[in-house]
Amino acid sequence: MDFPALFFSPAGLQTTAEEILQYNRISARFGQALTPGQAHMLAEARQQTLQATHRVDFGTGLLQKFIAAFCDSPFIAPAYYADTLAALKDIFYHFKNQTQNRISDDELLAAMAGAFNGPCQGSLELLAGRELEKLARRLRCGGFADEAETEEEEERYEE
Amino acid sequence: MRNDTLPAPAGLPFAAGCGAAEYPGRLLEYAAQQGLLTAHDQARINRQMFAFFQQYLARFTQQESSSVPVETAQNLLHALLYSIGYGLKPLPPAKAISLFSSAPPEQLYRQGQAQLQAGVQTARHLWQAARAAKITTPNKPYNYSLFKGIGAFFSGYSIAFAPQETPADLDYPLCVFSNGFTGVEYMQEYVWALLLENRFVCLFAPGPVHRALLSRQPLYSELPINIFETVLLCALGCTLSGQPPAGLLPNKAALAALNERLLRCGVPVAAFLQKGGARLCGALAIKAPELQAYLQKALRANLPQLQAAAAHRQLPAFFVCENSG
């Protein structure tokens, strides 16, 4: 039996896309909106990411949370809004695995939004390659390593 | 009515050796074959089960994550089915099918969880009884498994999210045990068989038991060797060779003579073994039917070796005589 397939259905895809579109009402305030085609692409891309990261998503609303967390970002141009959301979603599921599921969805989203709009200045590469790596490392170590200490260690390592 | 004609669970072809996690699926399959559920019913049950599974996953993540790794989801599906199956297994099949098709999955799950709680208590009581009937032996795998190995199960068992797992460290092999079960089903069977074996071995003084085991394997105290089987065969050998079983070291010459008689008369070895078992129960005043049944089961498991030994005039070696180790 293809177990993950249980969680993926064309009807589910359509429902997710419709739910995503409802969030245009909120994101429009910040000049961001998704077309039905983009919403469908995001829903489909989410399924592909889940398959690639060997995860199953049993809830609804994560993409909506993404929209709520990132629609007001000053670093996302409307033309790249859908693609950036898709990339952020990939990063999210990747780091759910990297953190060994030790962090909740809301915490990871908050950390991602904080880093993306803060030290990363909208760079997806810095977000995935530096900030979230640090977070994942800290969590994998049981969260005992002090953040400041870790940063110092990294600086020493980089030197 | 059709439902009344359903055989008892043990008699159902799908129920034999079926673990709790597989039971709901087999039950549905059986119900469909018997025409008790339509395809529409099955689709509805599957939908309801899947919806409840999603709630169960959310409960597992404490609503903090909307996704889990595929492997985790598979284990949790197994856990959910185990709970539901464990609750349905004791019911007559007609009632189980009716309940499965009509009750909400949440109710089935809760019933299963309550049954699991009771099942763990039963296993714990059996473990206490097995410890109370402990064999005095230097055999390390036995002593470790009886105390720490089984104890690990009761401290590590998760009824809510991993009832299908068996977090026990059981080095000690039982004489006849291959039930293919997992979780508390496995543990109940294991401690029950261990209790029966302990009760049997405790009918003998530690000295003769030690000597019999040494005859079989001089390093037995370090090795995962079943104590019961050696004691049973030694006691049976004594009985068959006309000696009191308490000494546990049958006479080699008497067994060799018995071997010749067997070959000459052409007595079926299976019948010979069964009668020997019954004589042994009589000699040891074993009245408990479950212990008698276990002894016969253990002897049946040894039948092929006994047949081969008799055919090759090796009965004395088979029964572990004083100088055969």
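Overview of values
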{"read-out": "Options B:207, B:277; residue that is of a type in the set (Gly, Ala, Ser), open to solvent by less than 20 Å² (accessible area, probe 1.4 Å) and assigned to a helix (DSSP H, G or I)", "value": "B:277"}
{"read-out": "Residues of segment B:280-299 that turn out to be in a helix (DSSP H, G or I), touching a residue at least 40 places away in the same chain (Cβ under 8 Å) and open to solvent by 30 Å² or more (accessible area, probe 1.4 Å), as a count", "value": "3"}
{"read-out": "In segment B:78-90, residue farthest from residue B:19 (Cα to Cα) [restricted to those that are open to solvent by less than 40 Å² (accessible area, probe 1.4 Å), hydrophobic (A, V, I, L, M, F, W, C) and in contact with a helix residue (DSSP H, G or I) (Cβ under 6 Å, 6 or more places away or on another chain)]", "value": "B:80"}
{"read-out": "Wholly enclosed helices (runs of 4 or more DSSP H) of segment A:1-97 bearing at least 2 residues crowded, with 19+ Cβ neighbours inside 10 Å, aliphatic (A, V, I, L, M) and more than 11 Å from chain B (Cβ to nearest Cβ)", "value": "A:10-22, A:36-52, A:62-70"}
{"read-out": "Test: residue in segment B:91-103 that is under 20 Å from the mean Cα position of the chain (by Cα) and open to solvent by 60 Å² or more (accessible area, probe 1.4 Å)", "value": "no"}
{"read-out": "Residue B:71 exposed (fewer than 15 other Cβ atoms within 10 Å of the Cβ), within 30 Å of the chain's Cα centre (by Cα), closer than 25 Å to residue A:98 by Cα and within 14 Å of chain A (Cβ to nearest Cβ)", "value": "yes"}
{"read-out": "Residue satisfying all of: in segment A:98-121; of a type in the set (Gly, Ala, Ser), within 13 Å of the chain's Cα centre (by Cα) and surrounded by fewer than 16 Cβ atoms within 10 Å (Cβ to Cβ); nearest to the other protein chains (Cβ to nearest Cβ) among these", "value": "A:110"}
{"read-out": "Exclusive hit being open to solvent by 50 Å² or more (accessible area, probe 1.4 Å), modelled with pLDDT of 90 or more and in contact with a helix residue (DSSP H, G or I) (Cβ under 9 Å, 6 or more places away or on another chain), set B:54, B:34", "value": "B:54"}
{"read-out": "Residues located in segment B:145-171, provided they are assigned to a loop (DSSP other than H, G, I, E, B) and either touching a Ser or Thr at 6+ places or on another chain (Cβ under 6 Å) or β-branched (Val, Ile, Thr) (or both)", "value": "B:159, B:163, B:164, B:166, B:170, B:171"}
{"read-out": "Checklist (1) away from chain A (no Cβ under 11 Å); (2) without any contact (Cβ under 8 Å) to a residue 40 or more places away in the chain; (3) not in a helix (DSSP H, G or I) applied to residue B:21, failing item", "value": "(2)"}
{"read-out": "Subset of segment B:221-272 (residues that are in a loop (DSSP other than H, G, I, E, B) and under 23 Å from the mean Cα position of the chain (by Cα))", "value": "B:223, B:224, B:225, B:226"}
{"read-out": "Output for segment B:82-113, where each listed residue is in contact (Cβ under 8 Å) with a residue 24 or more places away in the chain, over 12 Å from residue B:163 (Cβ atoms) and assigned to a helix (DSSP H, G or I)", "value": "B:88, B:93, B:94, B:96, B:97, B:98, B:100, B:101, B:105, B:106, B:108, B:111"}
{"read-out": "Hits in segment B:172-204 - residues which are farther than 16 Å from residue B:127 by Cβ, under 12 Å from the mean Cα position of the chain (by Cα) and open to solvent by 50 Å² or more (accessible area, probe 1.4 Å)", "value": "B:178, B:180, B:182"}
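The values are calculated or read from the model by the stated rules, or taken from the named source; none is laboratory data. What you see is a predicted model; the values in this text were computed from it and never measured. Counting neighbours? That spans all protein chains shown, and the Cβs are built from the backbone with ideal geometry, glycine included. Heads up: the accessible areas ignore ligands, DNA and RNA and are worked out on the full protein's heavy atoms, side chains in. Shrake-Rupley method; radii C 1.70, N 1.55, O 1.52, S 1.80 Å.
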